[in-house]
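The values are calculated or read from the model by the stated rules, or taken from the named source; none is laboratory data. Quick caveat: nothing in here was measured; it's all calculated off a predicted structure. Note that we place each Cβ from the backbone using ideal geometry, even for glycine, and neighbour counts take in every protein chain shown. The protein model used for the area step is the full one, side chains on, heavy atoms only, and it has no ligands, DNA or RNA in it. Shrake-Rupley method; radii C 1.70, N 1.55, O 1.52, S 1.80 Å.
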Amino acid sequence: MPIINRISAFSEDMTEWRRHLHKHPELGQQCHETAAYVVDRLREFGIEEIHEGIAISGVVAIIQGRSEGRTIGLRADMDALPITETTGAEWASVNDGKMHACGHDGHTTMLLGAAKYLAETRNFAGRIALIFQPAEEVGGGAELMVEEGVLERFDISEVYALHNMPGTPVGQFYTTPGPIMASVDTFHVDIKGVGGHGAYPHETRDPITAALSIAQAMSTIVSRNHYALNDLVVSVTMIHAGTADNIIPETAYLGGTVRTFDKDVKAMVKHRMSEIVAGQAASFEVEATLRYDEGYPATINAPDQTAFATEVAREVAAEGQVCDTATREMGAEDFAYFLEKTPGSYLFIGNGDTAGLHQPDFDFDDATAPYGASFFARIAERALPLEGA
Ligand SMILES: [Zn+2]
Ligand SMILES: [Zn+2]
């Protein structure tokens, strides 16, 4: 069975919502207009129980089925990115320097599509919690929602989410049980030496030489401290120092990112970094301090819910277009916080041959929306079947 007929019948509405959202992107926790637009649509669909201001500008709405049962959470992220759009589309961003370059406009639209269908039909036993989350890219929206107790407050027993993926055909879904997206940590090293004249380096303690050496040594964590068949990325992505060609500066800074799926690997990296920074600093007679910030945890799909979600995807996807053995990604996703507390699954949905995520010429493909909306709708109907149905 392909996408749900009733949903494809209002796909033009979804395109209109999506383009409105695309035109008015908002960043981080400040998704107030987006949330207001979502709430207006939900009211139009006849949904009465709507909770606003969750995790600052998030929305949770409840659709009651025809009889009692469990509550399933369906989540969409709403925030955009600080990028200047170059698509030239009629619906291009009117908010300077902000853009929906990760397709969260499409994610919000897919969940709205499911909401419209589910509010009309209510062919399920229990409740659907529609979770519209701000601040996926930065600002910790999911973490805040979990901290505010969204899962307990609405008694959510399982959660599901979708993310579009450029370069994958429209109508295709893919996922994997277990780890699917990496954890993301950042590290920051401040080095303090003794500055001086570039012509008399012997009178200085050069922080640049120390920074380069620390960066080199950090690259050996992956190649020399880590088991080769386990996934790990350590990238130094910033080195800042100096103001002129004849001055050895007093300070230098370097920073970067660590991606892994495994808490023990993360602990090893942290430990090695502190040893490297201390050891290199001593050898160059400079002071260096390491700050290691833990960010989003790894996104870990629950096996049973992922098997179920894959089955549902097969119902709505194009023929033969579902893969449940996808390669995990070194990118990160804050849906991880929901999955730490509640079993569920995160899937990718094809966005066709578009520019990549976070690029200024990216656009969500409106043809994707009916597939995503049908997926969410069928998750509800299949997870919460009516008796005798
Ligand atoms: Zn993104
Ligand atoms: Zn995204």
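Observations, loosely collected:
Per-residue answers, yes or no, for (1) modelled with pLDDT of 95 or more; (2) outside any loop (DSSP other than H, G, I, E, B); (3) on the phi < 0 side of the Ramachandran plot:
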position: Ala211; (1), (2), (3): yes, yes, yes
position: Gln216; (1), (2), (3): yes, yes, yes
position: Asn230; (1), (2), (3): no, no, yes
position: Thr237; (1), (2), (3): yes, yes, yes
position: Asp245; (1), (2), (3): yes, no, yes
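- Selection status of Phe338, open to solvent by less than 30 Å² (accessible area, probe 1.4 Å) and within 16 Å of ligand 1 (Cβ to nearest atom): no
- Qualifying positions in the stretch 51-84 - within 16 Å of ligand 2 (Cβ to nearest atom) and among the charged types (D, E, K, R): Arg75, Asp77, Asp79
- Every test in (1) more than 18 Å from Ala142 (Cβ to Cβ); (2) within 16 Å of ligand 1 (Cβ to nearest atom) is passed by Trp17 save one, and that test is (2).
- Residue count, the stretch 195-209 (criterion: in a helix (DSSP H, G or I) and surrounded by 16 or more Cβ atoms within 10 Å (Cβ to Cβ)): 3
- Residues in the stretch 312-335 that are within 16 Å of ligand 1 (Cβ to nearest atom), open to solvent by 30 Å² or more (accessible area, probe 1.4 Å) and closer than 23 Å to Ala380 by Cβ: 0 in all.
- Residue selection: Tyr346 fails the criterion of being more than 25 Å from Leu112 (Cα to Cα), of a type in the set (Ser, Thr, Tyr), within 17 Å of the chain's Cα centre (by Cα) and within 15 Å of ligand 2 (Cβ to nearest atom).
- The listed residue being outside the structural domain of Arg153 (by TED's automatic domain parsing), away from ligand 1 (no atom under 16 Å from the Cβ), buried (at least 22 other Cβ atoms within 10 Å of the Cβ) and of a type in the set (Gly, Ala, Ser), out of Ala282, Ala309, Ala288: Ala288
- Residue match in the stretch 351-359 (condition: acidic (Asp, Glu) and open to solvent by less than 40 Å² (accessible area, probe 1.4 Å)): no
- Checking each residue in the stretch 29-43 for being open to solvent by 10 Å² or more (accessible area, probe 1.4 Å) and in contact with a helix residue (DSSP H, G or I) (Cβ under 8 Å, 6 or more places away or on another chain) picks out Gln29, Tyr37, Arg41.
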